[in-house]
1. For residues that are of a type in the set (A, V, I, L, M) and not in a loop (DSSP other than H, G, I, E, B), scanning just region 153-163, find the one that is surrounded by the fewest Cβ atoms within 10 Å (Cβ to Cβ).
2. Would you mind finding the one in ILE330, ILE345 that is modelled with pLDDT under 85 and among the hydrophobic types (A, V, I, L, M, F, W, C)?
3. Counting just the residues of region 164-188 that are touching a residue at least 60 places away in the same chain (Cβ under 8 Å) and part of a loop (DSSP other than H, G, I, E, B), which one comes out farthest from GLY49 (Cα to Cα)?
4. Do we have any residue at all in region 262-269 that's in contact with an Asp or Glu (Cβ under 9 Å, 6 or more places away or on another chain) and over 24 Å from LEU23 (Cα atoms)?
5. Just need a number here: residues in region 219-244 that are in contact with a Leu (Cβ under 7 Å, 6 or more places away or on another chain) and part of a strand (DSSP E or B).
6. Output the number of the condition that VAL308 fails; it satisfies all remaining conditions of (1) farther than 30 Å from LEU30 by Cβ; (2) out of contact with any Lys or Arg (no Cβ under 9 Å at 6 or more places or on another chain); (3) assigned by TED's automatic domain parsing to the domain that holds SER41.
7. Among all residue pairs at least 6 apart or on different chains, which show Cβ distances below 7 Å where the first residue, located in region 32-48, is more than 16 Å from LYS259 (Cα to Cα) and the second is polar (S, T, N, Q) and part of a helix (DSSP H, G or I)?
8. So is LEU57 on the phi < 0 side of the Ramachandran plot and modelled with pLDDT of 85 or more or not?
Amino acid sequence: MFLRYGLKNILAAKKRTGVTLLLSICTTALLVFSTGFLQGSHMQMLKNGVEIYPGYLQISHRGYRQEPGLDHLIFGVDGVMGQLTDPEILIAARRFETFVLYNGEQKSVGGMFTGIEPEKEESISRLAQSLKEGVYLKKTDTNTVYMGYELARRLAVQVGDEVTFVGTGADYSFAADRLVVGGLFRTGLFDFDSQSAFVTLAYFNEIMAAENMATHIIVQPAHVEVAQSLSDRINIVLDDEYRSESWQETMAPLVKAMKVDSIFNYITLGIIFIVIFFVIMIYTFLTVYSRTREIGVLRAIGSTPNQVLALLLSESVILAGVSVVVGGIIGGALTYYFWQNPIMIGGYEEQFKLYGLAASAMPTLFSPYLILRDMGIMFLLCVGSTLYPIIKVNSLKPLEAIHHV
């Protein structure tokens, strides 16, 4: 009964109803979209940090992270690769990282010298996508080097130039050769770009006497959200001297940064909730007070305070329900669109790269759970913001309400 009368009152006051609906729909749509954008930027930070090079899951010697060096290699890497039979493993690629001295015509610079499997790296990291000049590595390349743009700048070399390197082989022998710069990459991570260079693993194994050895095996899960559980299962089958670690362990500083970012996201959402609550409450307060004489008449003809409260709340519930559904659909549609078509912030590519963002595309995150959560919160805010004005006006005596101006 109260819902029926409430609906009649809503339809009778078209202007008031229209403004209330418009306010609530806009705030709901804004909240849903802002949540999707915040979560999407968070997701982009994760993808940039993990996918540029480190990978979602690494296998290495247990002592390598504390003491990187030739004493803590994966020996017999073919046997370890044979143990990686979990169906969640999409790709497993070998890497051998060491440090050498590069010599250009004008300068000498120390840097990382890494043997990789080029085809697999295209699916595991963004090295190939970060190509700036020249060409990416091919499996058949020998002494071709794929070098960081900043490292090439420090060495004063370009694509097609020659550099030499001097280092120590896996068997502690002397290793040196002449390399031809085939391509330059730029990920936007300055430290990485200024000290990294890559060659094919076949060439690396030959020149560095590293056959059947590796510093890391990088595993790409079929579903990145199961990286930690996959890492735990791999540890069960690995020999005790080797250890599998997910990105949460290998990139602990990034994890902490993400937690801090999440805290600020929640603070931002909290501020949005508070602003929305008071905006709706102020407007409702003015709307309800404009109906004080109407409420006084209802009280004078015999309606109890509880009946008046139920009538006004039914109006609030109807308006909140309609506005939240419509606003949720609009906000969800916008979130889905920009999830499929990321927001492109043109002209700021270089600035984004300085902060570790490999691209200026910022996608939203389309999550039905988050959308329904925000719609539920907005419904409670819309209904809750009307309680004080309704109770305040309903507390007036009938005659006092009737003569209210």
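1. By that ranking, first place goes to LEU155.
2. It is ILE345.
3. The selected residue is TYR172.
4. So far as region 262-269 goes, no, none of its residues is in contact with an Asp or Glu (Cβ under 9 Å, 6 or more places away or on another chain) and over 24 Å from LEU23 (Cα atoms).
5. The total comes to 4.
6. Single failed check for VAL308: (2).
7. Between residues of region 32-48 that are more than 16 Å from LYS259 (Cα to Cα) and residues that are polar (S, T, N, Q) and part of a helix (DSSP H, G or I), the close pairs are VAL32/THR335; PHE33/THR335; GLY36/THR335.
8. Against the criterion (on the phi < 0 side of the Ramachandran plot and modelled with pLDDT of 85 or more), LEU57 qualifies.
The values are calculated or read from the model by the stated rules, or taken from the named source; none is laboratory data. Treat the numbers as computed from the prediction; the structure is a model and nothing was measured. Every residue, glycine as well, gets a Cβ built from its backbone with ideal geometry; the counts of neighbours run over all protein chains shown.
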